[in-house]
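The values are calculated or read from the model by the stated rules, or taken from the named source; none is laboratory data. Computed from a predicted model, the values in this text were never measured in an experiment. Every residue, glycine as well, gets a Cβ built from its backbone with ideal geometry; the counts of neighbours run over all protein chains shown.
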Amino acid sequence: MPFSSFFRTKYPIIVLLLLLCSVTASVAEPVIKKRVGIMWMGKSGMSTRVYSGLKSQLETLAPEIGIESEIELPDEATAAAIYNEWLKSKDGIVFLRSTGAKFVSETKPTIPIFVGACNNPMELGAVSSLEAPEGNITGVTYFLKAAQHLKIYRQIFPKLSSIGLILETGHPGSLIDQKETQAGCRELGLNYHEIFISKTDNLKEKIARFASEADLLVISNTGLIIDNAESIAEAAGSTPVASYAEAPVNNRHAFIGFVPSDDKLGRMLAVSIIDVLLKNRQIRDVPVKMDDQPTMVICADKMKHWKVPVPFNMLKVAKVIP
């Protein structure tokens, strides 16, 4: 076949293929308009879950936001070097965990900073107001007033007289959980007890002694305590264990938790990032968000183990772990 005839015959097909390739390329590789760095220090299941929700939501709603991640960083010096470099090269930084919120509270960021997977950022010094944050910092928080938890415990144990809070030594969120729980106990007329645990402590030995001081032990929202929930449950003996965090209940080491959704908070954080970076809203107009519909999570196995009489009306609305 002469070349001219071949070209005339195949030309429409060639054009169509080129157009399809062009469309495919444009769909697969969106134009990046803004760049965001996501980081946190140390291992954290909560941060991983928040990150998953955040990343998924950004990829769905704003593929034009490019993401670079530096996670589970070994120490603050490493984090500081990355943070300072990103201040020059990114349009925004997400610094997760309470340690991240505490870190950014001691800086004066020149670009928008977003916190998450953290306790109350006001108490951590990152913002001066949750409703109208200043200082180029906003985000989300898992914070719930301790009184919300304690009122549920009182419904389950009408004769409850004392709480024993288990805290991590040196964790910035410990002082917030401590302050909130003390206030909640005063409000409800409960006796407050506490114990701080460090990585070098004989945890089981300390918990076994502490368990006799309170009617109910509570796992704080701090990494070391959450990670050692199984040992805490074993050492607690006949004293029931509740949790401010979801993981110990899901993993069958605590009988109840009243908790926000980490995935939901991650998705909410993505919306805040979009509002600031793509819609050009001022930080002060993007409040620090909380999950206003936290989930009650109950572990049936641990209810039976500690002979906990959870009211039927709670079981009807709770997420029940077998």
Can you confirm whether the range 271-278 contains a residue that is within 18 Å of the chain's Cα centre (by Cα), at pLDDT 95 or above and closer than 18 Å to residue 153 by Cα?
no
Positions within the range 55-95 being within 11 Å of residue 37 (Cα to Cα), buried (at least 19 other Cβ atoms within 10 Å of the Cβ) and of a type in the set (Gly, Ala, Ser), in sequence order:
92
Restricting the range 246-262 to residues that are out of contact with any strand residue (DSSP E or B) (no Cβ under 8 Å at 6 or more places or on another chain) and not charged (D, E, K, R), the residue that is nearest to residue 146 (Cα to Cα)
247
Kindly indicate whether residue 26 is at pLDDT below 90, assigned to a helix (DSSP H, G or I) and surrounded by 10 or more Cβ atoms within 10 Å (Cβ to Cβ).
yes
Options 71, 82; residue that is assigned to a helix (DSSP H, G or I) and at pLDDT 95 or above
82
What's the number of the only condition in (1) assigned to a strand (DSSP E or B); (2) surrounded by fewer than 17 Cβ atoms within 10 Å (Cβ to Cβ) that residue 238 fails to meet?
(1)
Taking residue 268 as meeting all but one of (1) assigned to a strand (DSSP E or B); (2) crowded, with 18+ Cβ neighbours inside 10 Å, write down the number of the exception.
(1)
Residue selected from the range 203-235 under the condition among the polar types (S, T, N, Q) and not in a helix (DSSP H, G or I), by the criterion nearest to residue 161 (Cα to Cα)
220
Filtering the range 278-288 for residues that are part of a loop (DSSP other than H, G, I, E, B) and surrounded by fewer than 16 Cβ atoms within 10 Å (Cβ to Cβ) leaves a count of 5
Please find, among 179, 206, the residue that is outside the structural domain of residue 99 (by TED's automatic domain parsing) and loosely packed, with under 15 Cβ neighbours inside 10 Å.
179
Identify all residues within the range 289-314 that are assigned to a loop (DSSP other than H, G, I, E, B) and of a type in the set (Ser, Thr, Tyr); write none if there are none.
none
Within the range 44-67, the residues that are over 16 Å from residue 247 (Cα atoms), assigned to a helix (DSSP H, G or I) and of a type in the set (Val, Ile, Thr) are 60
Filtering the range 171-201 down to residues that are among the β-branched types (Val, Ile, Thr) and touching a residue at least 24 places away in the same chain (Cβ under 8 Å), which residue is farthest from residue 153 (Cα to Cα)?
197
